[in-house]
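Read-outs: derived from the displayed coordinates by stated rules, not from any lab. Remember, predicted model here, so these are calculated numbers, not experimental data. Every residue, glycine as well, gets a Cβ built from its backbone with ideal geometry; the counts of neighbours run over all protein chains shown.
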Amino acid sequence: MNDDIALNEVDELKDQLAEVQNLLGKHRLVEDMVRRQEMPRHDIVEGMVQKQHIAELHMLFGRLPTVSVALILSALSEEDRLTAWKEVGEEHQDDILELLSDEVREALVGDGHRPSRKIMVNAFSLQGGRLKQITVERSTDFASIKPIWVDLVAPTPRVREWVGQQFGLELPDPASLTDLEASARFYIEDNGELHLHSDFLLDMADESRNVAVAFILHDDILFSVRSEELPVFRLQRHRARTRPGYVTDAKDVLLDLYAADAEYSADALEDVYASLESVAKHVLSTHLPDEEAGSILAEIARQEDLNGRIRRNVLDTRRAVSFLMRGKLLEAAQQEDARQIMRDIESLDGHTSFLFGKINFLMDAVVGFININQNQRVSKLTKLSIVFMPINIVAGIGGMSEFSMMTQGVPWPMAYGVFTIGMAIVGWLTYLALRQGEQREARRKLKEASQLTGRPASTN
């Protein structure tokens, strides 16, 4: 009896997986077909068609149990998994992540393509060596917990006010965290409060940007305030929740956030490397049309912007960690963790410098191809003008009054017909002479190249 029930559950799960894969397959198929079609209001049509399958997928995940959704996500390919994850309701995400493997969990949590849109306050306390997350909706929720980390995402002024009153401090507005001076970003108040304002990278499919985050260390509690959800924070939360002893106090949380930020920046740099490798294959091809060159220039510019943001991000993290080390605010083990973060940042700094050089090379190469294409068009126009130059001279002679005297007694249709044929012959001979000269020049260059390489010249 139990075996029959288990088999039925397996069959039902297979059917659900097949249904999810079918919806994702239709989504990709429609996406490819619509993008290949030339039609007015292309973006609107594409969005309307795609939303149908995405809405069905969202509704399906809403009906399925948490365990089934976790098993389905584990069975999908990486690309399909990221697409499907965006349609899982936020209220179920944490429960689903707990059931996934570490590799799948970190890939989903580290994906920056779906920032949270909820206004929320989360408190984290240590229980059994792990962080326990409690969603806080009112000040009375703090009465039963002793947090080491209070995380605020897009808090309203009212939320910042009652959280600040609960712990006796003033929380800053995330929209005002724009000061670049170190004295305004990293400082210690007279009452011992530690303030740090740092930038964290948010790398999404359509854009990348740096998001300002304010940290306040007050009474051994870390307060973080930011305007939107960040992959680094989600990754840190789930690591601390699933790994006993991962953090022991508020300073550990702060250092691990900076370490995760350096790790996230490294992953973003790997994506930049992969994108530039793909671009290089096109740039180093034998022919690059102007339309393709334009799209490649746009992609190079996007990667340059991302590389610049990564560099700014790691430099800002270096300043923050250096401030913590110089201020002697860390324990011995934490000092070693901070030094490791600094070493990681040092290696990332070298990579960003290398990528800037590679980006400049590819940019110059693409611009060079555009110039070559332009020179080829100018060369064709020049050849055309050379072909018509003797024709113009002959035509000028034919338009003189002396031509009528020379052809006196010859019917004018015959005279001008022969004259027109003569102009065509002159133009054709000029074209053959130009072509012969080009072939001779090409053979000469090929012979010189064969002498340099030691290979026989091809006759083709």
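Details
- Cα gyration tensor shape for the stretch 117-237, rounded if a/c is under 1.5, else prolate or oblate: oblate
- Mean Cβ neighbour count within 10 Å, used as a protection proxy, ranking 364-374, 434-444 highest first: 364-374, 434-444
- Taking 0.36 nm per residue of separation and subtracting the Cα-Cα distance, full extension of the segment from Ala274 to Met342 would add 22.0 nm.
- Pairs beyond 24 Å (Cα-Cα), from Lys281/Lys380; Lys132/Lys328; Lys251/Lys328; Lys132/Lys251; Lys383/Lys445; Lys14/Lys132: Lys281/Lys380; Lys132/Lys328; Lys14/Lys132
- With each label modelled as a point 7 angstrom along the Cα→C-beta vector, the Lys447-Ser74 pair spans 7.2 nm.
- Most to least packed among 206-214, 377-385 [average Cβ atoms within 10 Å]: 206-214, 377-385
- FRET E, pair Val378, Ala424, Förster distance 41 Å, beta-carbon r, rounded to 0.05: 0.95
- Peptides 58-71, 413-426 ordered by average Cβ neighbours within 10 Å, highest first: 58-71, 413-426
- Straightening the chain between Glu291 and Ser101 buys 64.0 nm, computed as 0.36 nm per residue apart minus the Cα-Cα spacing.
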